[in-house]
């Protein structure tokens with residue numbers, strides 16, 4: 001989340017000028033910046049704050065956005081992650097099926113695969 005008192009705000013329209021040009025020498029198109037804020041990239045969205053009629057981001061938010069895309073946690077987030085209780089019930093059901101079928105292995109045991 002952007003802290004307007006600490007972070008350096010940048011209007012979204014100025015973001016392409018703050019980033020280095022692409023390998024072909026062209027700047028990033030402004031529509032890509034708006035796409036980052038609305039839809040995101042691989043589940044990661046660029047943080048923004050709207051003040052008056054202008055939408056801003058910050059240099060720090062751009063840094064966080066790029067780190068999330070480059071890091072291991074950049075894989076898409078599950079929309080409805082399974083709760084621990086539900087996961088436990090799934091594992092119990094799998095174990096009951098394995099026992100009913102006469103399998104000695106646990107469903108998550110690496111030797112079973």
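A short reminder: the numbers here are calculations on the coordinates, not readings from a lab. The shown structure was predicted, so the numbers you read here are calculated from the model rather than taken from an experiment. Here the Cβ positions follow ideal geometry from the backbone for every residue, glycine too, while neighbour counts run over all protein chains shown.
Details
- Virtual spin-label span in nm between residue 54 and residue 35, 7 Å along Cα→Cβ: 2.6
- Anisotropy class of the range 9-74 from Cα gyration tensor, a/c 1.5 cut: oblate
- Ranking of 56, 34 by neighbouring Cβ atoms within 10 Å, starting from the fewest: 34, 56.
- Approximate spin-label separation residue 86-residue 13, in nm, with each point projected 7 Å along Cα-to-Cβ: 4.4
- Backbone N under 11 Å from the residue 4 label point (7 Å along Cα→Cβ), restricted to the range 27-63: 49-56
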